[in-house]
Amino acid sequence: MTEQTPSTVFIEVARRCNLSCRHCGIWRCGPPASRVSCDTLKRVIERCASWDSQPEIVFTGGEPFLERDTLLDLARTATSAGLVTVTNTNGTVLDEVTCDAVCSSGLGKVAFSIDSHLGEVHDRTRGRPGVFQECVAAVRRLRNSREKLGRGPVLMSSTILFKPNLGAIPQLVDMLLHLGIESLLFQALQPPFGPSPASPVWPEGDDLWPSLELAHSGLLELKRRRDEGAPIYLSDELYEALFHYFRSPKVLPKPVCTAWKSTAMISLEGDVRLCFAQSVHGEESVGSILDAPLDEIWNSMRARRVRVRMRACRRGCGVMNCHQ
């Protein structure tokens, strides 16, 4: 059997958040029963650097900056090993000291969650007044730190596509570009991978879910702006998949997810899964980094059997950027 290694490794650094976003359930999670040590994760990262695939390391949450020291310590290890690193943030805990530390750590990309050009819309979906202004200020602060130190991460945005913003894509894109965002990511509203929201008909029965006409007009506008040169991550394949997703979010016409051949996820406890949805659907992990190296787990017969099933998967979560 040919040995393979993933091109993206997700490492969960936080399972808590200081916001209570309507479309996310992470903030409902309790503390983990155990937590793998930072030194163990450093050894995993250093081993990843020896792979031919040279994987991108993505630090996830929750809000990763609630575990700032761990996040930046791991980022320094990955950068020293020559790997590209990415993280996401809601932008509420990045003061000037943190922004300077981010730039010094070598962290390669930081994606800010920004869901609207209107503060009241963003704040309403994120669960607290003032979050929009805090996030915008954090983007500017990190941009200033980067200019001051002469190095720092690519500034990205991550936006949930839903009813409140799909009718205002031009204004949203213009605001993000004016703010200095250099790469724009868009995710369709999805069932969360943490505890589910209260709505029993999530997502399409929730009032955040757009009409098909609104979703399609918003997607057409995104594609138009991309074609005009805006730095929007939206391949033609993803555009087509999103078009179908908003028509039928639970099952896609064909498999589009590429996580089966590209991705490994390490939980706080050290468990390894091959896609974010596996825990939601009650599927067990394929191993633990406490018991075996990540590449051995990824090439195990157990993981290979899971990947065979994943290759044919048509679940709606396949349209997520992290599954592309």
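List of remarks:
- Annotation: amide H-H contacts under 5 Å for ALA188 (H modelled 1.01 Å from N, sequence separation of 5 or more, or interchain): LEU161.
- Estimated inter-spin distance, LYS254 and MET301, nm [label 7 Å along Cα→Cβ]: 3.3 nm
- Violating pairs (Cα-Cα greater than 31 angstrom) within the set LYS42/LYS254; LYS163/LYS254; LYS109/LYS223; LYS42/LYS250; LYS42/LYS261: LYS42/LYS254; LYS42/LYS250
- Ranked by how many other beta carbons lie within 10 Å on average, peptides 148-157, 265-274, 300-309 from highest: 265-274, 148-157, 300-309
- The helix-only estimate of mean residue ellipticity at 222 nm for the chain, built from DSSP H runs of length n ≥ 4 each weighted as -39500 (n - 2.57), is -11500 deg cm²/dmol after division by the residue total.
- Whole-Å semi-axes of the chain's equivalent ellipsoid (Cα gyration tensor): 29, 25, 19
- Both radii were evaluated on the Cα set of the range 36-108; the Rg over Rh quotient, with Rh as the Kirkwood radius, amounts to 0.96.
- Of the DSSP H helices in the chain, those whose Cα atoms cover at least 30 Å axially and whose Kyte score averages 0.5 or more: none
- Cα point-scatterer Debye curve for the range 1-156, base-10 log of I(q)/I(0) at q = 0.10, 0.13 Å⁻¹: -0.38, -0.63
- FRET efficiency estimate (nearest 0.05) - Cβ-Cβ, HIS244 to ARG47, R0 45 angstrom: 0.70
- Overall, the range 72-121 carries a charge dipole of about 300 debye about its Cα centre when +1 sits on the Cβ of Lys and Arg and -1 on the Cβ of Asp and Glu, all other atoms neutral.
- Proximal aspartates and glutamates to LYS148, defined as alpha-carbon separation beneath 17 angstrom and excluding residues fewer than eight positions away on the same chain: ASP95, GLU96, ASP100
- Protection proxy ranking of 64-71, 164-171, by the mean of other Cβ atoms within 10 Å over each peptide's residues and highest first, is 64-71, 164-171.
- In this rough spin-label picture, where each label sits 7 Å from Cα along the Cβ direction, the ASP207-LYS148 distance is 4.2 nm.
- Beyond 13 Å, the tail of the calculated P(r) for the range 90-131 holds 60 percent of the Cα pairs.
- A Förster radius of 41 Å combined with the Cβ-Cβ distance from CYS29 to ARG224 puts the calculated FRET efficiency at roughly 0.60.
- Counting only DSSP beta bridges with both residues in the chain, the antiparallel share comes to about 15 percent.
A short reminder: the numbers here are calculations on the coordinates, not readings from a lab. Just so we're clear, the structure is a prediction, and the values are computed from it rather than from any experiment. Virtual Cβ from ideal backbone geometry, glycine too; neighbours counted across all protein chains shown.
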